[in-house]
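Participant: Mind having a look at this structure? Questions to follow.
The values are calculated or read from the model by the stated rules, or taken from the named source; none is laboratory data. What you are looking at is a predicted structure, and each value in this text was computed from that prediction instead of being measured. No Cβ is skipped: glycine too gets one built from the backbone with ideal geometry, and neighbour counts run over all protein chains shown. These area figures cover heavy atoms from the full protein model, side chains too; ligands, DNA and RNA do not enter into them. Shrake-Rupley method; radii C 1.70, N 1.55, O 1.52, S 1.80 Å.
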Amino acid sequence: MKYLIDKLHKNKTLEREEFLTLLQNRDEETSEYLYSLARSISQEQFGKDIYLRGLIEFTNYCRNDCYYCGIRGGNRNAERYRLTKEQILECCQIGHDLGFRTFVLQGGEDYAFTDEILVDILKSMKAGYPDCAITLSIGERTHEQYVKYFEAGADRFLLRHETANEEHYNLLHPDSMSLENRKQCLRNLKEIGYQVGTGFMVGSPYQTLECLVEDLLFIKELGPHMIGIGPFIPHKDTKFAKFPAGDVELTRFLISILRLMNPQALIPATTALGTMDKKGREKGILSGSNVLMPNLSPITVRKKYDLYDNKICTGDEAAECNCCIRRRVSSIGYQIVDQRGDHPSYS
Ligand code: SAH
């Protein structure tokens with residue numbers, strides 16, 4: 001497999017069949033070789049710097065019903081909450097004091113946050129923290145809405161495509177949602193000028209290696225600035241409760257492939273990876289990730305933003321998470337930098 005990895009390193013892509021062969025023949029030796037190459041590419045680009053994104057989970061109301069997600073609209077057991085603008089700004093203040101220079105507003109698709117309200121929140125965040133980048137992760141909206149948020153100060157947008165295979169997409173989502181719309185949203189966001197992040201779950205129900213190859217090829221075509229992937233983890237109140245979780249080593253393998261394909265991309269070692277393995281986030285960095293997304297949400301709502309079972313860091317104050325994350329990063333010889341951490345093409 002080494003020749004395929006070298007070819008991927010050189011050309012930044014492979015043919016569909018070659019990607020499949022690589023994924024089919026994953027073993028320990030191949031993995032270690034791939035991880036170390038990805039690590040060195042990441043270090044060429046970013047040194048041993050790791051960027052932080054402070055995650056503010058501002059609402060768990062959702063109009064959608066993605067079958068895998070614990071906060072899907074149809075889950076009657078979910079205890080719903082919304083943060084006020086004041087609470088969001090307080091999270092920013094705490095984060096800013098801890099050195100964070102990027103805030104991610106993430107939530108379900110909650111239309112109670114009208115454009116007017118969102119624009120007001122974004123403008124207040126921008127005014128209060130002009131040295132910070134703001135990322136939105138609020139799902140699908142119209143082109144016109146995305147423009148409004150961009151003009152109000154949002155710099156970046158995270159919208160995972162979840163799976164690039166249409167049949168697979170339809171097994172994970174209700175009829176009201178479509179892969180085509182998701183892709184159109186991503187194209188719109190790019191065209192407007194956002195730094196755009198996409199990504200997918202690893203090991204979601206019915207996923208095949210062919211699906212993952214399609215994910216890689218879709219990401220190649222889109223050319224996102226950020227790529228977030230993490231293992232699927234079942235949630236007890238979903239119809240996928242009994243499905244197995246995604247594999248940590250396969251997730252690392254894919255992070256490394258994505259790093260070889262996208263040397264400059266911002267690739268987080270996700271909370272889901274940290275949930276599946278105590279050292280998951282460190283392992284992510286050691287396979288090519290260069291971003292961490294610690295939680296800044298108020299402790300009172302942490303457990304309610306319950307995307308999947310056993311999510312980590314739901315009991316710790318932001319300051320504790322901050323210490324823990326800095327300790328973890330330095331334990332593997334890396335350092336956190338208190339910067340916005342824009343994509344190289346934006347800075
Ligand atoms: N409503 C926003 C944010 C979704 S939550 C949006 O649509 O983009 C952020 C991400 O969590 C999702 O994109 C999904 O990939 C991930 N996620 C949801 N449920 C999950 C599960 N059960 N296991 C692992 N990841 C999950």
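Participant: Once you've got the Cα coordinates, tell me which of Lys12/Lys126; Lys220/Lys304; Lys48/Lys278; Lys10/Lys183; Lys283/Lys304; Lys48/Lys123 are over 25 Å apart.
Facilitator: Lys12/Lys126; Lys220/Lys304; Lys10/Lys183; Lys283/Lys304; Lys48/Lys123
Participant: Summing +1 for each Lys or Arg and -1 for each Asp or Glu, what net charge is found among the other residues whose Cβ lies under 11 Å from the Cβ of Gly274?
Facilitator: Summing Lys/Arg as +1 and Asp/Glu as -1 gives +4.
Participant: Here is a follow-up. Please give me, ordered by residue number, the chymotrypsin sites (Phe, Trp or Tyr not before Pro) of segment 155-260 that lie in loop per DSSP and have at most 11 other Cβ atoms within 10 Å.
Facilitator: none
Participant: Here is a follow-up. Could you tell me which Cys residues in the chain have no other cysteine's Cβ under 4.7 Å from their own Cβ, answering none if every one has a partner?
Facilitator: Cys62, Cys91, Cys92, Cys132, Cys185, Cys211, Cys313, Cys321, Cys323, Cys324
Participant: Calculate what fraction, in whole %, of the accessible area of segment 84-157 sits on carbon and sulfur atoms when a 1.4 Å probe is rolled over the protein chains.
Facilitator: Its accessible area is 55 percent carbon and sulfur atoms.
Participant: Next question. Please give the net charge around Glu249, taking every other residue with its beta carbon less than 13 angstrom from that of Glu249, where Lys and Arg add +1 and Asp and Glu add -1.
Facilitator: -2
Participant: How long, wide and thick is segment 245-347, going by the Cα atoms along their three principal axes, in whole angstroms, largest first?
Facilitator: 39, 32, 26
Participant: Can you give the accessible area of Val301, probe radius 1.4 Å, in Å² rounded to 10?
Facilitator: Result for Val301: roughly 10 Å² accessible.
Participant: Leaving ligands, DNA and RNA out of it, rank Asp27, Asp215 by accessible area with a 1.4 Å probe, largest first.
Facilitator: Most to least solvent-accessible, the answer reads Asp27, Asp215.
Participant: D for the chain, whole µm²/s, Stokes-Einstein with Kirkwood Rh over alpha-carbon pairs at 10 °C and 1.306 mPa s: what number?
Facilitator: 79
Participant: For Thr163, what charge total do you get from the other residues with a beta carbon under 12 Å from its beta carbon, if Lys and Arg give +1 and Asp and Glu give -1?
Facilitator: Charge balance in the 12 Å sphere: -3.
Participant: Taking a probe of 1.4 angstrom, what is the accessible area of His96 in Å², to the nearest 10?
Facilitator: About 40 Å², ignoring ligands and nucleic acids.
Participant: Helices from the chain with mean Kyte-Doolittle at least 0.0 and a Cα length along the axis of 18 Å or more, per DSSP H: which?
Facilitator: Flagged H segments are 115-128, 209-222, 248-261.
Participant: Another question, if that's okay. Which of the chymotrypsin sites (Phe, Trp or Tyr not before Pro) across segment 68-121 are loop residues per DSSP, with 13 or fewer other Cβ within 10 Å?
Facilitator: Hits after loop and neighbour filter: Tyr111.
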